[in-house]
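**Student:** One structure follows; several queries about it will come next.
The values are calculated or read from the model by the stated rules, or taken from the named source; none is laboratory data. Note that the structure is predicted; figures quoted are calculated from it, not measured. So basically every Cβ, Gly included, is an ideal-geometry build from the backbone, and we count neighbours across all protein chains shown. Only protein heavy atoms, including side chains, enter the accessible area calculation; ligands, DNA and RNA are left aside. Shrake-Rupley method; radii C 1.70, N 1.55, O 1.52, S 1.80 Å.
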Amino acid sequence: MNKEENTYYKNSPKFGRKGPSKLRQQFNRGMTYFLVIVACILVYFAMLRVEAISNTLSKILSILKPVLYGCGIAYLLNPIVKSVDAYLVPVLEKHMKKEKAKKVSRSIGVIVALLVLITVVSTLINMLIPELITSIRNLIFTLPAQINQLVKEINNIQLDDSTTTAVLKNAMNEASASLQKWMRTDLLDKVNEVMTHLTVGLYTLIMEMFHAVIGVIVSVYILFGKETFINQSKKAAYAIFPAERANLLIHIAVKTNEIFGGFIIGKMIDSIIIGILCFIGTSILKMPYAMLVSVIVGVTNVIPFFGPYIGAIPSAVLIALADPMKGIYFLIFILLLQQFDGNILGPKILGNSTGLSAFWVIVSILLGGGLFGILGMLFGVPTFAVVYYIIKLLLDNQLEKKKLPTDSDCYNGDSYVDNDGTYFQKRDDGAETEEQKIEKNKEEKGE
């Protein structure tokens, strides 16, 4: 898709065309009734077999998971490939034919993108895994000593012989007895259950890594053939739908790519910067597990609004186990860092890429998280932004047909639309605008 086509599809599509003949209208109406009846029958039978259909769809998605990974990886690496093409193609065209220049540039672009991906993943693993092992080892060796110290401090507290003290002593004795009984009877079963879950989780992790590796291979084919896939999709849209509906569909696809691309890429850059700033801050404050908590905060920052708090709470607990006061300092530091991100850094990087207000951002995160978990919280905002844009597009089209303004600010308390469909907006002094007066006088004179 060249630059002129991109400009065409980014513009708001025009609705409506010359109407069909009466015979065609009757035929279309009959086909509509028939399709509605068929759709109702299919929905009825589908409702009877919801479980079987759900299992089949889950199995299909499980089989195609490497392809889904490949699409996601290709989408993230595509900006790198586009940047390399934009720089290399004009240079290579001076020394070789245009088609060959494009192929060579695409090959170099894909290789560069893969090298960036491998570098990022290997760097994260080298930084995170040793820090994680050290953190777990420190917890294993220090946590029992901290618990014993806490028990000694409780035992050293001098208490009087009041009724409250007796009740507390009885409660502590009963709790200790219950704990010992649980350790003798249920602990072994719990350990076996945990080990089973760990085994299943390890197997799942290995399978996901295997799917991701295949996804990288699939992403290479997608990046090499992305223009072909786009052309085939446009061809299918114009073959199946009328021209104006196909243009509307392509316009929505272009807008969806613009919203998702701007949001996801911008959020990743923002999260990397926040992770680096967190590491610098925790290192200056000499907090334990600086690298580990910085990676956690950076990764969870990808989730809008709630992400910083999701990452800050377990990180603060981890730091507090080593030093309680530093855990409190960490929470204060994260609160200041997120204020900087939300008010300065985030708006500078993301701008208004989604077009949503803060209220709709919260609604989309809650709705997406409630329905689809972490992925819903991550992709809920751009998905809701696309739905919001489609609804706005349809509403603006209806207002344009009625020759009414599409700006929401035009429908304040001082504006109204009379029964004839004429829009009126009063000035601050309560008078109507001159254009409305002229139009009203023309109507009264019958001009």
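**Student:** How much length would be gained if the chain were fully extended between residue 202 and residue 28, taking 0.36 nm per residue of separation minus their Cα-Cα distance, in nm to one decimal? Show your work: numbers first, answer last.
**Tutor:** Numbers: separation 174, 0.36 × 174 = 62.64 nm, distance 5.63 nm.
Gain in length upon complete extension: 57.0 nm.
**Student:** Residue 35 versus residue 91, label points 7 Å from Cα toward the beta carbon: distance in nm?
**Tutor:** Result for the modelled spin labels: 5.1 nm.
**Student:** Residue by residue through region 399-404, which ³J(HN,Hα) values in whole Hz follow from phi under the Karplus form 6.51 cos²θ - 1.76 cosθ + 1.60 (θ = phi - 60°), with glycine and proline marked x?
**Tutor:** Computed from phi, the couplings for region 399-404 are 5, 5, 5, 8, 6, 10 Hz.
**Student:** OK, next. Once phi is turned into ³J(HN,Hα) by the Karplus curve 6.51 cos²θ - 1.76 cosθ + 1.60 with θ = phi - 60°, what whole-Hz value does each residue of region 45-53 show in order, with x for glycine and proline?
**Tutor:** 5, 5, 5, 6, 10, 4, 5, 5, 5
**Student:** Distance between Cα centroids, region 68-111 to region 251-327: provide it in whole Å.
**Tutor:** Measuring centre to centre over Cα atoms gives 31 Å.
**Student:** For region 28-116, which whole-number percentage of the solvent-accessible area (1.4 Å probe, protein heavy atoms only) is attributable to carbon and sulfur atoms?
**Tutor:** Details: 4760 of 6530 Å².
Its accessible area is 73 percent carbon and sulfur atoms.
**Student:** Let me ask something else about it. First compute the accessible area of region 297-384 with a 1.4 Å probe, then give the percent of it belonging to carbon and sulfur atoms.
**Tutor:** Numbers: 3680 of 4660 Å².
Summing carbon and sulfur atoms, their accessible area is 79 percent of the total for region 297-384.
**Student:** Let me ask something else. Give me the one-decimal nm value for the distance between modelled label points at residue 61 and residue 230, 7 Å along each residue's Cα-to-Cβ direction.
**Tutor:** 2.9 nm
**Student:** Next up: Please compare each pair in 286/326; 82/103; 98/255; 59/234 to a cut-off of 18 Å on the Cα-Cα distance and tell me which ones are over it. Let's see the in-between values first.
**Tutor:** On the way: 286/326 9 Å; 82/103 13 Å; 98/255 30 Å; 59/234 29 Å.
Checking Cα-Cα distances, 98/255; 59/234 exceed 18 Å.
**Student:** Using the Karplus equation 6.51 cos²θ - 1.76 cosθ + 1.60 (θ = phi - 60°), what ³J(HN,Hα) coupling, rounded to whole Hz, does each residue of region 312-317 give in order, writing x for Gly and Pro?
**Tutor:** Values, residue by residue: 6, 5, x, 5, 5, 5 Hz.
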